[in-house]
Amino acid sequence: MKKVKLAVKKVKENKKATMICGGVLLAGLLGCCSWLAMRPEVGVIDFNVVQEKAKVYQYILAEQNKYAEQVRIRIMADSKDIEADAKKLEAKKDKMKPEELQRKLRDLEKRALKVQEKYRPTMERIMFASQLASNSISKEIIQVFKETAESEGMKVLLPKNNTFHACESVDVTDEFVENLDKVIQTVAYPDPAKIGQ
């Protein structure tokens, strides 16, 4: 309250441009959340929360992780020889010349990179499959946006992470997730191995 009185006093002292700027600033500071709470025509949705909570996105992530785990297992199998050679090199390193040790370490690194490169296209196909699955439900998601906005009496929905500040009263993330779960129960997740064929 003291800050408000000081602000008002300063505005009265300088009646020129300060009065206009001070009034606008004071009104903005005091009225931002209360105005939004009274007129919730603009809502926000936290898409990070949507991706964590919505069943359809949980399914997409689970499928992506399932395929990624299969690739990880293949990478580990292909890397067993490299790991065995690394252990042998570790045991012999004290008896080797520094140049020879560095050369053998570089060779191991090259072999490990080669294994990773071998599976890079597969990982890219898995990511693309997740993107295709998400894109396949875009029309339904847009419809859920509209229905959520209408049911909450809002004219505009914005991404929460693109706003400077939003009062809790305008956050409709949970309502959106609830509506999304009602509308979309499943999604087709394409087999990454068949993408691009």
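The values are calculated or read from the model by the stated rules, or taken from the named source; none is laboratory data. Predicted model, so just to flag it, every value in this text is computed and none were measured. Glycine gets a Cβ as well: all are built from the backbone with ideal geometry, and neighbour counts include every protein chain shown. We work out accessible area using only protein heavy atoms, side chains counted, and drop any ligands, DNA or RNA first. Shrake-Rupley method; radii C 1.70, N 1.55, O 1.52, S 1.80 Å.
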Legend entry - Point-charge dipole on Cβ atoms (K/R +1, D/E -1) for segment 88-138, about Cα centre, debye to 20: 320
Inset, instruction - Just the number, please: carbon plus sulfur as a percent of the accessible area of segment 71-197, 1.4 Å probe, no ligands or DNA/RNA counted. - result: 54
Legend entry - ³J(HN,Hα) computed for each position of segment 122-137 - Karplus, 6.51 cos²θ - 1.76 cosθ + 1.60, integer Hz, glycine/proline x: 5, 5, 5, 5, 5, 5, 5, 4, 5, 5, 4, 4, 5, 5, 5, 10
Inset, instruction - Taking the Cα centre of segment 108-197 as origin, work out the dipole magnitude from +1 charges on Lys and Arg Cβ and -1 charges on Asp and Glu Cβ, in debye rounded to 20. - result: 920
Inset, instruction - Just subtract the alpha-carbon distance of Asp174 and Glu147 from 0.36 nm times their residue separation and send over the number in nm, one decimal. - result: 8.4 nm
Legend entry - Under Karplus coefficients 6.51, -1.76 and 1.60, residue-wise ³J(HN,Hα) of segment 109-119 in Hz, glycine/proline x: 4, 4, 5, 5, 5, 5, 5, 4, 5, 4, 9
Inset, instruction - Would you kindly derive the ³J(HN,Hα) couplings of segment 162-168 from the backbone phi angles with the Karplus curve 6.51 cos²θ - 1.76 cosθ + 1.60 (θ = phi - 60°), listing them in order in whole Hz, with x for Gly and Pro? - result: 9, 10, 6, 7, 8, 5, 4
Legend entry - Placed amide H near Leu157: partners under 5 Å, 5+ positions off or other chain: Gly43
Legend entry - Net charge of neighbours whose Cβ lies under 14 Å from the Cβ of Asn48, counting Lys and Arg as +1 and Asp and Glu as -1: -2
Inset, instruction - Roll a 1.4 Å probe over the protein chains and send me the accessible area per residue for segment 62-197 in Å². - result: 70
Inset, instruction - Distance check, please: which entries in Lys80/Lys118; Lys55/Lys182; Lys55/Lys194; Lys92/Lys114 exceed 19 angstrom between their Cα atoms? - result: Lys55/Lys194; Lys92/Lys114
Inset, instruction - Would you mind checking which residues have amide H under 5 Å from Asp171's amide H? H placed 1.01 Å from N; only 5 or more apart, or other chain. - result: Val44
